[in-house]
Each structure stands twice: as structure tokens, then as C-alpha cells.
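Working notes for the structure below.
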Amino acid sequence: MRYDVKDLRLARAGQARIEWAANQMPVLEKIRQRFRKQKPLRGHRLSACLHVTTETANLAITLRDGGADVALCASNPLSTQDDVAAALVKVHGIPVFAVKGENNKLYYQHLVQSLAHKPTMTMDDGADLVTHVLKERKDLIRGVVGGTEETTTGVIRLKAMEKDKVLGYPIVAVNDADTKHLFDNRYGTGQSTLDGILRATNILLAGSRFVVCGYGWVGRGVALRARGAGAHVIVTEVDPTRALEAVMDGFQVMTMAEAARVGQIFVTVTGNKGIIRKEHFRAMADGAIVANSGHFNVELDIPGLRSLTKKKRSIKPFVDEYMLRGNRRIFLLGDGRLINLASAEGHPASVMDMSFANQALSAEYIAKKGKRLEKKVYRVPLEIDREIARLKLQSMGIAIDKLTPEQKHYLASWQEGT
């Protein structure tokens, strides 16, 4: 078995952490038990480009138990948990190609290695894997029945490919499932982003001016938790409806140019590029802290920041000081990469339970119906979404009502226009 991880001697510690996360992932465990018996992924080779964390490890094990031949690489150079990667290789026999802090060359080398078994299915977090297949390994396209995508950023890229008619095989947009974005993006990223900022800086949020760039589901979660910690939250947006929603939710809304002059802590969560640009860095006050929780660090104009800088130094892990001309300091966290994974452990396992249940069941769906799907981006089927919500409620000991026959008839009569 080929693999590339930091140190297999870390496996024991990694396995303990995988088991700890599993305790908080009851829905995925139910799916794993069924997969172990039914083997719905038997005969499939699955290449996955995901954050190599404890939660991802439990997904990989579930896919393996479902019969898939799984190979895993990292979707971000700073998100890998080296002990978890070691445990997947040594304890579970799953090839992993990921080392925390790997440079871009090694990152793409690992991506290539994850495709060496010629996958019939791909699983992405940011669309780097499918992009590589479509551009560099077109010979593999014929053998791929379908793939999945985890993130907002990745779905944006894939829908652009579909529009340009270059998407080589069908993709299920796991990110668009209600049981993913309503919980993972809002509650998971909301909590873990603040966790990452606090672990890196140990600053006091209460009383600070905290700027959230973007008010999608992630932005909503970050803003809500920052306010809960006592911060004065400012939101920037380009969508008038979302901006209005932020106002109605009680947040101050302004342009990025205005926010740059008054903010103390900045977090980008848009999935787009150039959100905080050179002119914004130039306007920031001394001591401004800048972080990103969108998938790629292109949300921040780091080259522009460097051009304003006369001196740079590392203050502590994941905190770099950029000394600008005029002796103003800007502190960049985690090199602008996902701060919730760069300096913290990412989302809580209990919320990733639903996200990865979507991944597992979407993989099963592709195995069954992928050959009949067009080369498009699809939503997760509604029945999968609702089944995951049902299982999650069941695991929490929560029961809900069901429609009576009379209520069903009443609703049906309205739908039929009678």
C-alpha cells in the first residue's frame, strides 16, 4: 500500500481521537452498520480530497466498510491532523496522502497520488480533485460514474463548469443539502471559526468591532457567535437581500471600504476572491487582525498586503505580523487559510455527522444511479436529506408529529386547486 503521512508512530493517538469523534457521529455510525452488511459501494474505487480530520476518518472508514476502495488526500495544506492520517494508514489500511503544512508542490503531488487507483467515483471539498481530473487526467473521465462536492466554493466552481459544458461527469452538491448547509455551515463553521481565532490569538472578543465579510449561512453563524461573545458585529455584503436580512437580524451593515476603517477583527466567508484588497489593508488601523474561513485564501489579497509591507515576522504559530509603512501592524492568521482548521480542529463532530452522512448516502446514490445521470450538478435527493434529519433527531431522543390522514387530504386538496 502506497501512502505519504508524517509519522506512522502517531497512529495510536490518532486512533483514540477517531474513536472520540465517532461517539458524536451516531447517524454516520448507523449508516456504517448498514453499509457493512449490504456493501453498496462494492467494486467502486473512490478518490477523496477532503480535510484529513477525525470526522473525515470516520467517513473514510464508513465508505471502506461499504465496499469502496478508498484513497484520501488533503483538501487544504494546513487542515491535516497528522496523527489521524497515520491511524487511517496503520490501523485501517486506507491509503492517505497528506502532511500538515505541505507546500503547494506536495499538495498537488498528493492529489495525483490519490488518483493512482483510477477512481470510479470522486469526493471533493473545494473541487480541486475534479478540476485536476478534467484538466490533467482526462483519460480517467470515462471510468468515473459520478462525484460529490462538500463546499460552497466547490459548488460555485462546478456550476461554472456545467454552464461552460466542460463538466465531465455528474456531481451531487452535498453542500446544498439542508442537513449540510443549515447546520454545518451555520453552526459548525460559526463555532469553529471563533475557536480558531481564539486559539491563535487569545484575544477578548467582548467589546471588539468584529467585521464579517459575507452573510451566507457561514456568515450568519460567525456573526451570531461573535455577538454572543460580546463583539460589536459589522457585516459587509454585495447581495441586497442578505444585507437587509443582516440589518433585520440586528447587525450593522456597511461597505468594505467603511468597515476597513473601523474594524478590529476581520473574517472573510464568501467563497469569492479579493474580498479584502490592498486598499482595505491600507485603511485598517494599527493592530487589525485578519482571518479567512472561506475555502481558499484568495478571499484576501495577500500579495497586495505584502506590497504594503516593509517587514514581516511570525509572532506565534498561525499569527504573522505585517509591519506597514508608517509602522502600522496587521496580523494575518493562518496564512489566510481556513482558520478553523489551520489553528483549531474544525467543526464539532456532531455537526459533521450530518454532512458526512450526506456524503456517504450520496456516494451510494451515485453507485446506484450515476450512469443514468447527466453531466450536471445535482442537489442531494430530498429523501436522503429528510432521512438524515430523521436519524439525527432519533439519535437525540426527539420525536416529532406526523400528519394525520385528514391533514394529508387537506393539503393535497389545496395543491390540486380544489
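For residue 224, the requirement of being assigned to a loop (DSSP other than H, G, I, E, B) and open to solvent by 10 Å² or more (accessible area, probe 1.4 Å) is not met. Would you be able to say whether some residue in the stretch 191-213 is part of a helix (DSSP H, G or I) and over 22 Å from residue 288 (Cα atoms)? No, every residue in the stretch 191-213 fails to be part of a helix (DSSP H, G or I) and over 22 Å from residue 288 (Cα atoms).
Please verify whether residue 135 is more than 23 Å from residue 67 (Cβ to Cβ), out of contact with any helix residue (DSSP H, G or I) (no Cβ under 8 Å at 6 or more places or on another chain) and either open to solvent by 10 Å² or more (accessible area, probe 1.4 Å) or of a type in the set (Asp, Glu) (or both), treating the condition exactly as stated. Taking the combined requirement at face value, the residue satisfies it.
Across the stretch 145-159, the number of residues qualifying as open to solvent by 10 Å² or more (accessible area, probe 1.4 Å) and modelled with pLDDT of 95 or more comes to 2. The set of residues in the stretch 181-208 being farther than 13 Å from residue 229 by Cβ, of a type in the set (D, E, K, R) and open to solvent by 10 Å² or more (accessible area, probe 1.4 Å) consists of 186, 199. Pairs are defined by a Cβ separation below 6 Å, a sequence spacing of at least 6 or placement on different chains, a first member in the stretch 15-31 that is open to solvent by less than 80 Å² (accessible area, probe 1.4 Å), and a second member that is not in a helix (DSSP H, G or I); the pairs so defined are 15/91. Within the stretch 71-88, the set of residues being outside any loop (DSSP other than H, G, I, E, B) and either open to solvent by less than 10 Å² (accessible area, probe 1.4 Å) or among the small types (Gly, Ala, Ser) (or both) comprises 71, 72, 73, 74, 84, 85, 86, 87, 88. Candidates in the stretch 262-295 are the residues that are assigned to a loop (DSSP other than H, G, I, E, B) and open to solvent by 50 Å² or more (accessible area, probe 1.4 Å); of these, the one that is farthest from residue 315 (Cα to Cα) is 272.
Which number in (1) out of contact with any Gly (no Cβ under 7 Å at 6 or more places or on another chain); (2) assigned to a loop (DSSP other than H, G, I, E, B); (3) open to solvent by 50 Å² or more (accessible area, probe 1.4 Å) marks the one condition that residue 52 misses? Answer for residue 52: the failing condition is (3).
Looking only at helices (runs of 4 or more DSSP H) that lie completely in the stretch 101-190, which have at least 1 residues being in contact with a Pro (Cβ under 9 Å, 6 or more places away or on another chain)?
Values: elements: 104-114, 128-136, 152-163.
The helices (runs of 4 or more DSSP H) meeting that bar are 104-114, 128-136.
The values are calculated or read from the model by the stated rules, or taken from the named source; none is laboratory data. Note that the structure is predicted; figures quoted are calculated from it, not measured. So basically every Cβ, Gly included, is an ideal-geometry build from the backbone, and we count neighbours across all protein chains shown. For the accessible areas, the whole protein counts, side chains as well, though only heavy atoms, and no ligand, DNA or RNA atoms are used. Shrake-Rupley method; radii C 1.70, N 1.55, O 1.52, S 1.80 Å.
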